[in-house]
Every structure is written in C-alpha cells, then in structure tokens.
Amino acid sequence: MTTIIAFILMFGVLVFVHEFGHYIFAKRSGMLVREFAIGFGPKVFHKKIAETLYTIRLLPMGGYVRVAGDDPEIIDLKPGQHIGLEFNDQGIVTKIIINNKEKHPNAQVIEVEESDLEHDLLIKGYDVGEEVLQTFAVDRSADFVMDEVETQIAPFDRQFAAKTKRQRAMQLFAGPMMNFVLTIVIFAILGFTNGVPSEEAKLASIQEDSPAAAAGFQSGDEVVEINDQPISEWTEFQQIVRAHPEQTLNMTVLRNGEQHVLTVTPRAIEGPDGDVGQLGVMQSLDQSSWRAIPYSLNQTYDYSKLILVNLSKLVTGQFSIDMLSGPVGIYDATDQVVQTGFTNFLMWTAVLSVNLGIVNLVPLPALDGGRLLFVGIEAVRGKPLPPEKEGFAHFIGAALLILLFIVVTWNDIQRLFL
C-alpha cells in the first residue's frame, strides 16, 4: 500500500508540474484552455472553474492541457440547420443549443443562413417559418450546448494557431521546462537537508560484507592515493575503482591525521558496458548550504546528459528496446526504491522528472518536441504546414507511441512474472 500511494503521488506530481507549465503559459498568452487533465480515459473527478475543466482520469499514463484551436467537439453551424439561441439582457447570444431544444423553452429557434464564430462573432438566420433575415451578435464566451454539455466557443485570437511562433513555442516547451525546474528543486532540497556530496574522496559509511569492510576501511576515511597515484576528488576514486574489477588496489587513506595503506580488491558487478568494480562504500556528505544550488544544477545536468546518451544508443541500436520500461517497470522500480527510504524516493522522483522532460522534447509527432519541430518548420518556410498534414503526422506519431507503450508494458510484465 505504501508503494501504491508513493507511486500515485509521484506520478501525480510529475504530470501536474509538466501540464501546469503548458497551462500557465497558455493562459499568459491568452489561449483558451478548455481542459487540464491528469491521466487519460474516463473521468474519475471533474470540476469546471471559470472557462477550464479540471479532470482526473482513470488511466495513469500521462495528462494533457487541451487548448482551443484543436477541438473535434466544436460543432460547425451549417446553412439550413435549426438551432436554439439564448440571450443575455443586452440581446447578445450566450448559448447556441444544437439539440434537445425542447429542454430550453426560452430559446429562440432559428434556421441558420450563415455564421462566423471566430472573427465577426455573428449568426444570420430566420425564425422557423419566417422569411425575414436576422443577424445575431454572439458573446465571446458563448457556449455550444450539445447533449446538454456546454462547450465555450473560441474566437480566433484565443486559439493556439493565432499566437506568435514565440508564444506557441514557449507554451509547448514550458511542460518539459517545468520538469527540469522540479528536478533542480528536489536536488536543492536534498542538498539543503541531507548535505552535498563531498568533493574529496571521503567515505561516509561502509557496507557490511563488502570488499571495503574486509580490507579495514572505516567511516570518515579519506582516500588520498591509489597505487601511488594521488587522489584529490571522489570522481577520480570512483573511476579507478570501477575500472579495476577483481584487481588488487593499494589505497592510502587519511584517518585521524594519520596515513594508512589498505589493500582491497573491488568485486565485479555487471554494468551496461561490461563488468565494473565496486567496493561497497558511500560518499561523505558536507553540510554546506551554499553548495546546494550548484549541486542541484550539476545533478540535473549530469542526469540529463546520461539520459541523452542512452537515447542516442537506443536510436543507433546499441541499446535494445527491451531495456525500456513503462508504467509497470517504473512501478516495480519505485517499489524497490521506496523500501530504501524517503531520500532515495525523492532522488528517484527527480530522475524521472528530468527523464520526462527530455523524452517529451524528442522531435517525434504527438510529443512536445514534435510540435515544436512543426513550429520550427513554419519559421523556416514562412508559413505553417497545412493543418491536415500536421494532424495526420501527429495521428501517426500517437499510434506509434501507443504501440511502443504496449510493447514496453508487455516486456515489463514478462520481466516481472515470466
């Protein structure tokens, strides 16, 4: 139950922060945000505040911010169509009733001649059975009513396509950007509360039954020399140990102002590129508040670089698709991390956050990076691609992502149960 709660909270925070980035920059640029959703599928919870519907949906596979301009539920009014109109006190149309007009006894039913609900905001038509053409002004926030569900109209200046390329690009980039910000914040919190890894090769703790414990290492030891090679930084110590699995190393440590020489053989553990050495020690932490911010930026950069390298290996075939994990695999990993403590859970959340940010910037249709690519193409061409072509590309991209999701999930299930 602890893992389930932790997974739901972690997933909710990651998705909320990502979608909040899209949401806030859409609002700042004047776009009409129709829905802010966490999850996909049927609604579990929904509440409409002002012009935005906030929903939590059943399937925890992501989320979305639905912005006006790409609305399949918006209905075009066609000549000859009978609709109902409701007005405010100034005689401006506030509701356009598409069906079930009998449930709106105060609505004026007309036959549509023509309409423009994006620019001029008007409807022309006749009272049913009459021949006098009337023109009705439509309020900018009027609602379509279809099957008793109200959907606000979107004048063109409130649609995504009406905004400048910079505004659209920023709205698309804001989601991944907020994931990077979240990662920086989490690592900063960890730095402030737990301390920042020491720059020196100083040991915090020694694992039981480890090569380091067998060799006589103690907490607080600082490694200053390995095989007569001076060591001044933890990264140097780490690189040498990893490069010498099952090979004897002579290490000089500084302990209580005195030097001691210890002989140790790192055990071999399997890594992505072959065996690497491991001693079974933890890096010492410094309680240095002023280093917390640089530490958080460096950690975010290092993990971003690692994820990009792994993505490039996946593209070039050095990594198999079998190495990818979906929600099932992430849940299993979260279960293992939760058992090691809250600090490691926070670090795991930070790593997943930066991973979500980078993956969403991959220039594939249906992802934020794919949509940014189309904005870039528009900037180069001087005009956008035809909407139907861009829409088709995003449809294909979404289909491929769903297929990838199914394959990855099946692989996760096989690893866990088969």
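The residues PHE395, PHE7, sorted by heavy-atom accessible surface at 1.4 Å with ligands and nucleic acids left out, run PHE395, PHE7 from largest to smallest. Projecting the Cα atoms of GLY91, ALA107, GLN239 onto the dipole axis of the chain, where Lys and Arg carry +1 and Asp and Glu carry -1 at the beta carbon, places GLY91 farthest toward the positive end. Surface listing: TRP290, TRP410, TRP234, TRP348 arranged by accessible area from highest to lowest gives TRP290, TRP410, TRP348, TRP234, probe 1.4 Å. If the segment from VAL128 to THR2 were pulled out straight at 0.36 nm per residue, it would be longer than the present Cα-Cα gap by 39.1 nm.
Using equal-weight Cα scatterers in the Debye expression, the normalised intensity of region 65-128 in log10 at q = 0.16 Å⁻¹ is -0.57.
Annotation: per residue accessible area for the chain equals 55 Å², rounded to a whole number [probe 1.4 Å, protein chains only]. Split the accessible area of the chain by element, probe 1.4 Å, and carbon with sulfur accounts for 59%. Placing a pseudo-label 7 Å from each Cα along the Cα-to-Cβ vector at PHE342 and ILE49 gives an inter-label distance of 2.7 nm.
Stretched out straight at 0.36 nm per residue, the stretch from VAL315 to LYS78 would grow longer than its current Cα-Cα span by 80.5 nm. The orientation-averaged shadow of the Cα convex hull for region 181-327, equal to a quarter of the hull surface, comes to 10.9 nm². Build a GNM of the chain with springs between Cα atoms under 10 Å apart, and of GLY39, GLY195, GLY341 the one that fluctuates most is GLY341. To the nearest 10, the accessible area of TYR23 is 30 Å² with a 1.4 Å probe. Along its three principal directions, the equivalent ellipsoid of region 158-208 from the Cα gyration tensor extends over semi-axes of 43, 9, 9 Å, largest first. The mean of 1/r over all distinct Cα pairs in region 262-311, once inverted, gives the Kirkwood hydrodynamic radius of 14.0 Å. When LYS383, LYS163 are compared by accessible surface with a 1.4 Å probe, the order from highest to lowest is LYS383, LYS163.
Overall form of region 1-91: prolate. Here a/c, set by the Cα gyration tensor axes a ≥ b ≥ c, is 1.5 or more, and a/b is the larger of a/b and b/c.
The percentage of C-alpha pairs in region 86-163 whose separation is greater than 22 Å is 23%. For the chain, the equivalent ellipsoid built from the Cα gyration tensor has semi-axes of 59, 20, 20 Å, listed from largest to smallest. Its Cα gyration tensor gives region 1-152 an equivalent ellipsoid; the semi-axes, largest first and in whole Å, are 39, 16, 12.
Between LEU324 and ASP120, the modelled labels are 5.0 nm apart [label points 7 Å from Cα along Cα→Cβ].
Between LEU404, LEU190, LEU372, the GNM of the chain built on Cα springs shorter than 10 angstrom shows LEU404 fluctuating the most. Springs join every pair of Cα atoms under 10 Å in this Gaussian network model of the chain, and among ALA188, ALA107, ALA162 the largest mean-square fluctuation is at ALA107.
Projecting the Cα atoms of VAL67, LEU172, ALA162 onto the charge dipole of region 49-205 (Cβ charges, centred on the Cα centre) puts LEU172 farthest toward the positive pole. Taking every protein chain into account, the 1.4 Å probe leaves ILE330 with about 50 Å² of accessible area, to the nearest ten. The slack between GLU236 and ALA333, meaning 0.36 nm per residue of separation minus the straight C-alpha distance, is 32.0 nm.
Counting charges near TYR126 (Lys, Arg +1; Asp, Glu -1) among other residues having Cβ under 10 Å from its Cβ returns a value of -4.
Packing, as the average of other Cβ atoms within 10 Å across residues, places the peptides 28-35, 89-96 in the order 28-35, 89-96, highest first.
Note on ASP147/ARG381: beta-carbon distance plugged into 1/(1 + (r/R0)^6) with R0 of 56 Å gives a FRET efficiency of 0.90. The mean sequence separation of alpha-carbon pairs under 8 Å and at least six residues apart, normalised by the residue count of the chain, gives a relative contact order of 13 percent. Dividing the convex hull volume of the alpha-carbon atoms in region 312-403 by its residue count gives 122 Å³ per residue.
The values are calculated or read from the model by the stated rules, or taken from the named source; none is laboratory data. Every value quoted in this text rests on a predicted model; they were computed, and no experiment measured them. Counting neighbours? That spans all protein chains shown, and the Cβs are built from the backbone with ideal geometry, glycine included. All accessible areas refer to the heavy atoms of the entire protein, side chains included, with ligands and DNA or RNA removed. Shrake-Rupley method; radii C 1.70, N 1.55, O 1.52, S 1.80 Å.
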